[in-house]
Amino acid sequence: MPFNVYVTRRIPEAGLEILRRHCDRVEVNPEDRVLSRDELLAAVRDRDGVLCLLTDTIDDETLAAAGPRCRAFANMAVGYNNVDLAAATRRGIMITNTPGVLTETTADLAWALMLAVARRVVEGDRFFRTGRWTGWGPMQFLGHDVHKTTLGIVGAGRIGTAVGRRSVGFGMRLLYTDPHPSGELDRIGARRVDLDTLLRESDFVTLHVALNERTHHLIGRRELALMKPTACLINTARGPIIDEAALVEALRERRIAGAGLDVYENEPEPAPGLVELDNVVCIPHLGSATEATRAKMATMAAENLVAALRGERPPNLVNLDVLAAQS
Ligand code: DGY
């Protein structure tokens with residue numbers, strides 16, 4: 001079909017195959033890196049559609065650069081805080097995301113961080129590799145138990161719920177915040193509370209809200225001060241949900257016990273002082289990073305894009321208003 005699409009970085013083959021099957025021209029950024037601003041603006045010019053990533057800023061200028069024939073930008077991520085939805089709707093461009101396929105994988109990673117921080121797994125590994133370990137010691141690397149403690153889930157959407165489900169095996173008490181009650185979490189005995197109560201009572205606080213104006217710096221100095229000095233904070237959602245400078249301060253002064261971070265306020269840069277701390281585990285935005293899940297995300301993003309190009313309603317359309325504007 002005479003479609004001309006651009007893919008902003010190499011993605012799993014499963015997604016590229018779908019695009020090649022349905023489009024005349026599929027151009028992929030040949031380098032495995034984020035395009036510079038100028039490169040992105042030039043690359044999207046005169047495309048029918050673009051498959052983009054959470055590291056691409058899709059603002060009004062990018063959408064304008066794509067030109068009037070552009071039907072859709074398919075974001076290969078569940079989060080779409082990198083896209084100006086209002087501008088896309090105004091320009092009649094569909095925006096899609098990849099919900100569902102990364103839920104369990106991201107929930108697994110939140111648990112990996114929780115266990116790693118509480119049981120000092122990364123610190124222990126770093127120490128072992130130095131060759132300084134002289135054998136078992138009764139006071140070495142004492143951490144915190146995870147089982148039978150209280151887990152606080154901020155945001156009981158798909159991923160938050162999947163994290164909560166896993167807590168049953170650990171015999172944990174479960175608290176959550178969400179504008180709406182969660183049937184599934186309620187059924188396993190969770191209690192819906194306000195954020196301050198959750199922060200005061202939880203041993204582990206894990207963030208699973210989308211990033212928007214309401215959740216920017218949701219966890220700042222005041223909220224960190226409410227947490228127990230023995231508590232750990234986990235973030236696999238989006239970095240700016242935490243005021244990272246305030247978190248560094250709280251960790252440095254041991255006002256909370258630890259943090260496990262997959263996402264950062266200014267990726268890829270950590271806040272000053274963060275990586276010098278030994279009570280934080282920092283990994284490079286790996287939430288959905290398994291072979292199977294990334295292949296599913298690429299497939300889903302490609303299918304969304306192809307549907308939009310064919311004039312169909314893509315299965316994971318985010319800016320639904322665009323349909324009203326088109327009809
Ligand atoms: C998403 O899809 O939003 C994730 O952050 C990708 O890993």
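The values are calculated or read from the model by the stated rules, or taken from the named source; none is laboratory data. Since the model is a prediction, treat every value here as computed from it, not as a measurement. Methodologically, a virtual Cβ is constructed for each residue, glycine included, from the backbone with ideal geometry; neighbour enumeration extends over all protein chains shown. For the accessible areas, the whole protein counts, side chains as well, though only heavy atoms, and no ligand, DNA or RNA atoms are used. Shrake-Rupley method; radii C 1.70, N 1.55, O 1.52, S 1.80 Å.
With a ≥ b ≥ c the root eigenvalues of the C-alpha gyration tensor of the range 276-327, is it rounded (a/c under 1.5), prolate (a/b larger than b/c) or oblate? Walk me through the numbers before you get to the answer.
Details: a/c = 5.98, a/b = 2.25, b/c = 2.65.
In terms of gyration-tensor shape, oblate.
I'm checking a number: the convex hull volume of the Cα atoms of the range 74-196, normalised per residue, in Å³. What is it?
Given the Cα convex hull of the range 74-196, per-residue volume reads 168 Å³.
As I understand it, the dipole of the chain uses +1 on the Cβ of Lys and Arg and -1 on the Cβ of Asp and Glu, about the Cα centre. Which of 172, 155, 216 lies farthest toward its positive end?
Sorting the options by dipole projection puts first 172.
Using a basic spin-label model with each label point 7 Å from the Cα along Cα→Cβ, how many nm lie between residue 290 and residue 59?
3.7
Compare 283, 188, 11 by solvent-accessible area with a 1.4 Å probe and give them largest first, with all protein chains kept in place.
The ordering from most to least exposed comes out as 188, 283, 11.
Out of residues 5 or more away from residue 119 or on other chains, whose amide H comes under 5 Å of its own, with H placed 1.01 Å from N in the peptide plane?
So residue 119 has HN proximity to 144.
Find, among the trypsin sites (Lys or Arg not before Pro) in the range 92-178, those assigned to loop by DSSP (not H, G, I, E, B) with at most 11 other beta-carbon atoms within 10 angstrom.
132, 148
If you average 1/r over all unlike Cα pairs in the range 45-86 and invert the result, what Kirkwood radius do you get in angstrom?
In the range 45-86 this quantity evaluates to 10.3 Å.
Tell me, in nm to one decimal, what length is gained between residue 32 and residue 145 on full extension, where the rule is 0.36 nm per residue of separation less the Cα-Cα distance?
Working: separation 113, 0.36 × 113 = 40.68 nm, distance 4.02 nm.
This chain segment gains 36.7 nm when fully extended.
Along the range 49-61, what does the Karplus equation 6.51 cos²θ - 1.76 cosθ + 1.60 (θ = phi - 60°) give for ³J(HN,Hα), rounded to whole Hz, x for Gly and Pro?
Going residue by residue, I get x, 9, 9, 10, 10, 5, 8, 9, 8, 9, 9, 4, 5 Hz, with x marking Gly and Pro.
Residue 197 to residue 24: extension gain in nm, 0.36 nm per residue of separation minus the Cα-Cα distance?
56.7 nm
Taking springs between alpha-carbon atoms closer than 10 angstrom, which of 48, 125, 186 fluctuates most in the Gaussian network model of the chain?
125
Quick check on the chain: of the DSSP beta bridges with both residues there, what percent are antiparallel, nearest 5%?
5
According to the Cα gyration tensor, what semi-axes, each the square root of 5 times an eigenvalue, does the equivalent ellipsoid of the range 1-125 have, listed from largest to smallest in whole Å?
Numbers: eigenvalues 204, 53, 41 Å².
Square roots of five times the eigenvalues give 32, 16, 14 Å.
GNM, the chain, Cα, under 10 Å: largest mean-square fluctuation among 308, 86, 72?
Ranking 308, 86, 72 by mean-square fluctuation puts 86 first.
Largest first and in whole Å, give the semi-axes of the range 115-168's equivalent ellipsoid, each being the square root of 5 times a Cα gyration tensor eigenvalue.
32, 13, 7
With only alpha-carbon atoms counted, please give the Rg and Dmax of the range 103-282, in Å.
Considering the range 103-282 through its Cα atoms, Rg and Dmax are 15.9, 52 Å.
Could you give me D for the range 142-194, from Stokes-Einstein at 4 °C and 1.567 mPa s, where the hydrodynamic radius is the Kirkwood radius over C-alpha pairs? Units µm² s⁻¹, please. Don't skip to the answer; put the middle values down first.
Numbers: Rh = 11.0 Å.
Once the numbers are plugged in, D ends up at 117 µm²/s.
Under 16 Å from a point 7 Å along the Cα-to-Cβ line of residue 313: which residues of the range 67-93 have their amide N that close?
Inside the label zone: nothing.
Restricting to the range 218-299, what percent of DSSP beta bridges are antiparallel, rounded to 5?
Details: 1 of 9 bridges.
Counting DSSP beta bridges with both partners in the range 218-299, the antiparallel share is about 10 percent.
Out of every Cα pair in the chain, what percent are spaced more than 34 Å from each other?
Values: 16473 of 53301 pairs.
Percentage above 34 Å: 31.
For the range 103-282, what relative contact order do you get, as a whole percent, if you take Cα pairs closer than 8 Å and at least 6 residues apart?
Dividing the mean separation by the residue count of the range 103-282 yields 21 percent.
Top mean-square fluctuation among 98, 161, 89, Gaussian network model of the chain, C-alpha springs under 10 Å?
89
Step through the residues of the range 71-78 one at a time and calculate ³J(HN,Hα) from phi using the Karplus curve (6.51 cos²θ - 1.76 cosθ + 1.60, θ = phi - 60°), rounding each to whole Hz and writing x for Gly and Pro.
Rounded to whole hertz, the list is 9, 7, 10, 9, 7, 8, 5, 7.
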